[in-house]
Every structure is written in C-alpha cells, then in structure tokens.
C-alpha cells in the first residue's frame, strides 16, 4: 500500500512538472536571466526590462533599443545608455590609458545584437539625454559591477542615483588593492 501511495505521488509530481514545462512559466516565456556568478552582485530587479544592444561607444556607454516602449524608454528608437555608478577612461577625442581595454570589456559583456536587461535608479536621464541604467547580461551578470571589479571602471556616483554606491566603492577598493586592470597599467 505504501509503495502505491509513493508511486501515485511521484506520478502526480511528474505530471505537474510536465504541465509547467509544456504550458510554460512567465519567467521562461520572457527568457528572464537567472542570477549567476558572484553572490555579492545584485540580482536582476523586478522592474528590469530587456534591450537589444546596437553598438558599444566606450567602456560605460552603449546604444540599444527596446522592442516594447515602457515607463523608462518610451519609444523604439535607438537609445544612448550610460551605465550608472561607474566611469571608464575615454577613447575620444583622445585615447586615455585603459580606454580601449574598458571598451573591449563592455563589448565582451554586451556585444552588438545581444539582449541586456536594464533597470533605472532615481533619475533616468543625464544632462546629455542618455538613459542612466544598471545593466545585466542575458545570463544575469551585473555589468556595472563586473567592470569595476575587473579594474575597467572606477566608481562615479551622481546623486540621487546611489542604489549600488556601497558595492561599487567596495569593488573598486578591492580592484585597486590587487592592481587589477587600469590600476596596474595606469597608476
């Protein structure tokens, strides 16, 4: 009798799992990334939305577009995205030390044609009209934080956008201590 009950429970569990798989869950239908990598990095927030990368301008700025307008990006046109909380060396008009490497790092994390997930902080536009956003890769990696952790970026906070300031300052201190990236090459 106990074996029959156990078998019935197992069959019901398998049927429920199969129904979920074939009918789909909201997360699977939206292809929302799951958190991977460093557990200290923030997971994808509930208000994040997908964008498609068009090009990378430099280590902290890219162009992307949404397929569906939302409360942050209100049209389908190409949008300049400035990564919040960080600053990388410039590549134009003059190439600063580590500018090319920082640009290559952002391009590796968010190559043209890829899907990124983004979320705002308090202010969504800077004085140049760029969208101020935190960025995650399709597999859930926090791009802003990874650039700081690898020594490609430094912390640059413009109030009131301070959500991840403490994390960025800690990551920068750790990168400086081990002379990662720009901290070894540029002094």
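Looking at this structure, is residue 90 within 20 Å of residue 155 (Cα to Cα) and either surrounded by fewer than 19 Cβ atoms within 10 Å (Cβ to Cβ) or in contact with a helix residue (DSSP H, G or I) (Cβ under 7 Å, 6 or more places away or on another chain) (or both)?
On the way: within 20 Å of residue 155 (Cα to Cα): yes; either surrounded by fewer than 19 Cβ atoms within 10 Å (Cβ to Cβ) or in contact with a helix residue (DSSP H, G or I) (Cβ under 7 Å, 6 or more places away or on another chain) (or both): yes.
Yes.
Taking the criterion of being surrounded by 13 or more Cβ atoms within 10 Å (Cβ to Cβ) and closer than 16 Å to residue 147 by Cα, would at least one residue in the stretch 65-82 satisfy it?
Scanning the stretch 65-82 turns up at least one residue that is surrounded by 13 or more Cβ atoms within 10 Å (Cβ to Cβ) and closer than 16 Å to residue 147 by Cα.
Looking only at the stretch 73-85, count every residue that is closer than 12 Å to residue 58 by Cβ and at pLDDT below 95 and tell me the total.
Going residue by residue through the stretch 73-85, those that are closer than 12 Å to residue 58 by Cβ are 80-83.
When the remaining residues are screened for being at pLDDT below 95, the result is none.
Result for the stretch 73-85: 0.
Quick one: which helices (runs of 4 or more DSSP H) lie wholly within the stretch 86-187 and hold at least 2 residues that are farther than 13 Å from residue 60 by Cα?
Output list reads 165-177, 182-185.
Please pick out the residue among 106, 147, 133 that is within 15 Å of residue 50 (Cβ to Cβ) and either free of Cβ contacts under 8 Å to residues at least 24 places away in the same chain or buried (at least 22 other Cβ atoms within 10 Å of the Cβ) (or both).
Residue meeting the stated conditions: 133.
Going by the conditions given, is residue 128 touching a strand residue (DSSP E or B) at 6+ places or on another chain (Cβ under 9 Å) and modelled with pLDDT under 95? Spell out the reasoning first.
Working: touching a strand residue (DSSP E or B) at 6+ places or on another chain (Cβ under 9 Å): yes; modelled with pLDDT under 95: yes.
Against the criterion (touching a strand residue (DSSP E or B) at 6+ places or on another chain (Cβ under 9 Å) and modelled with pLDDT under 95), residue 128 qualifies.
Residues to consider are 159, 127, 141; find the one that is surrounded by fewer than 22 Cβ atoms within 10 Å (Cβ to Cβ) and touching a residue at least 40 places away in the same chain (Cβ under 8 Å).
Every option except 141 fails the conditions.
The values are calculated or read from the model by the stated rules, or taken from the named source; none is laboratory data. In this text, all values refer to a predicted model and were calculated from it rather than measured experimentally. Positions of Cβ are backbone-derived with ideal geometry, glycine not excepted, and every protein chain shown enters the neighbour counts.
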